[in-house]
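Structure, as structure tokens:
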């Protein structure tokens, strides 16, 4: 299973954190520090795989954001790269040419999309269209509810 | 969906803060406002407030006061509030927080909500942070959803079940029937979830694994599904670069691996499929390689037929040649795992692996090093070692220690000749001397001593290395030892194996002095150099005064260790000049801490002269002619022994502190003469000449505690002469005897261990290597 997913900028600022196991706040902060320093120290054209404690760390840089995924030892690293790529594609489809600012200002949407794609450390849906449709439907539900609630009752 | 304006405004405000302090100020104000809002009753902006808090939390600020708000929002009937509430629960609550229990009821209600998106929120949250109690409470609900709901919910319920099984292993039983039936679904999401669930169940429980193996059709079903994915037409919904649903394919392959492990029947059923996937999968993109990689792992872990195994190893070989660094890295990791079992297959790719040692990437280099070391064998050791030594000279510093120790191990196991072995070790010490382990020095010394025909060659080589570079401590230590030991060979000049070079005594002493004075030398190295200088005093003729002056300088050295030695050596020069030849100078290895049996160094003593009994001032001593080494001189004693059978030990030299141990180990036949309570005394004799015999006594402590105040007294019949050399840490002592009659010896040892004193006497009547007449 996947243990955590972190998104951080080139300056090391955290943009998204998803933890799939229960970890204390202090431990989380330490892991974030370790990951950012490890990944940001990597040379540009090096291998995308790292070893950290008993986990494999897969990282990939997209524009100004680093996507860092920690998987257990029996998982497939190449597939983890595909998982990261799939998430980026989903974000891209949703926001339309996604950039870091989109994720900053709409972080809760990024989480909603992630929660339609991954769950409990495993992949939930392998079809891009299905995930997009679910997100759209949820958004629609939210809007209609809001509209409904905010309309004056006649 | 309309963005949350209050949230975005706050984010903008935080981002525009120019300093950390300013940012903190903004956040404090915002948090205060949020707290105030939380206290108010229901207003339209609750979800925005919580969202703001979650943002603040992500920046690293405390947000625990939002936990109760999450609980309230989850219970709200509004979807927007539920959504943010559940998100908040996943971010702020975990099973360690008490508040998490409060949402169990809400989750339970939402699991049966009419709207599937609400259900999905509950399922997602449960799978993310559900504690064991929550899981136990809600497991039946999940099982119900696994069986009767739409595919959207089923796939989520499956992953929720996976989480439950991880938290509460016993509940696996509950989900097994449903899991099995899910394999018949068509929806890829559900299938994926089902495969993950079955994998989890099989990994946890051996019985469940057997059940899935036995149930007719699990393996064939999976094979069928895979075939459908691999062969059938293009499915745009799940296609990734021409591979149909690679995520599902990889999961199925992993499940097949588990089912086929150690099971002939299951393995047979999947052989064809694996061959098909291995040959048909397009490997131009990463995604294809991901599937191939999983296939290779499966083939190598089940009981596959040999043709398939060869195919798998060949795929890995192809990976090694791939331009993509990631693929090369993966290939090497996999080859590392099978190098033990399929050694020959991996050997075929040795050339490529060795080439990867030159890769730019540190991870690839590390893998290539591990693999190369594993591939060294008796037949390829020379060529492999050449490559490894080349690698060592240019490898990144974090890999040096590993490479050096790997090279040593390989050299030890497969060295084709002693000279090659010594050359290799010297090469490593020259390139990476700072990264080798501490045992290398004594090991190397032992090796050199054993290779007696190479002494001349070795000492020449080491001397040359010393002249070039004195920064590598291990190398310098070994070189000093060698020069001290075989200095006469060095001075003699000729050597069969290397070009002859004229080395004068001054040159050698210059080299040793440079080491002594250099700031790069560690205290241990200085010790070696000082001892070597002292040893040379018996091997050279002209420059004894120079040695004397060097040694006396260090009598006032700050380093206690060196000072001790220098003082003792000085004493030798002054009072016991004749004894210098007898004192077998040997290399010093510092005991680390406890006085346990230290690994002995092989040392061939150079017999010089026999000496008089020493017992204080009444002994008149005659100086030995300085013969430099071989002919024994005779000596007469005019004094009597001091009382009894026990003789006074050497006066001037105090027993050295435990850190200073001069280790001697004689290669002659040994016999154990005493053994009690873990303290053992072994004795060996070496007949050096007609009238000279060297007896070596080695004491050792095999108990767990330290032994202190160890003294050893030896007495022989009056016609024999004893000279006892320096006693030091209890490990050894030495005596020399001139024999005229049957040699008997009485030894008294006393020591204290664990607070109590022990004393014992041993009589030795027969000496190994001697005839009964004692000659």
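Quick look at the numbers
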read-out	value
Cα-based shape type of the range B:310-425, given that a ≥ b ≥ c are square roots of the gyration tensor eigenvalues and the cut on a/c is 1.5	oblate
Neighbour-count ranking [beta-carbon atoms within 10 angstrom, fewest first] of B:19, B:696	B:19, B:696
Computed over the range B:1-130, the ratio Rg/Rh where both radii use C-alpha atoms and Rh is Kirkwood	0.99
More than 25 angstrom apart: percent of Cα pairs within chain A	32
Number of partner chain Cβ atoms within 10 Å, mean per residue of B:82-88	3
Förster-model FRET efficiency, 56 Å R0, residue B:766 and residue B:261, C-beta, rounded to 0.05	0.30
Residue-averaged 222 nm ellipticity for chain A, from DSSP H runs of 4+ at -39500 (n - 2.57), nearest 500	-16000 deg cm²/dmol
Residue-averaged beta-carbon neighbours from other chains (10 angstrom radius) around A:133-142	5
Relative contact order (%) - the range B:377-436, alpha-carbon pairs under 8 angstrom, separation at least six	45
Separation of alpha-carbon centers, the range A:7-86 and the range B:49-115, rounded to whole Å	26
Sorted peptide list for B:399-407, A:75-83, criterion being average Cβ within 10 angstrom, highest first	A:75-83, B:399-407
Inverse of mean 1/r across different Cα pairs in the range B:439-577, Kirkwood, Å	15.1
Top of A:30, A:109, A:13 by mean-square fluctuation, Gaussian network on chain A, Cα under 10 Å	A:30
Exercise: per-residue mean of other protein chain Cβ atoms within 10 Å, A:70-81	5
Over the range B:215-353, relative contact order from alpha-carbon pairs under 8 Å, at least 6 apart, %	20
Relative contact order (percent, whole number), the range B:81-172, Cα cutoff 8 Å, 6+ residue spacing	26
The range B:387-460: Rg to Rh, with Rh as the Kirkwood radius over Cα pairs	0.96
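No lab work stands behind these numbers, since they all come straight from the coordinates. Note that this is a predicted model, so its numbers are computed, not measured. All Cβ positions, glycine included, derive from the backbone under ideal geometry; neighbour counts span all protein chains shown.
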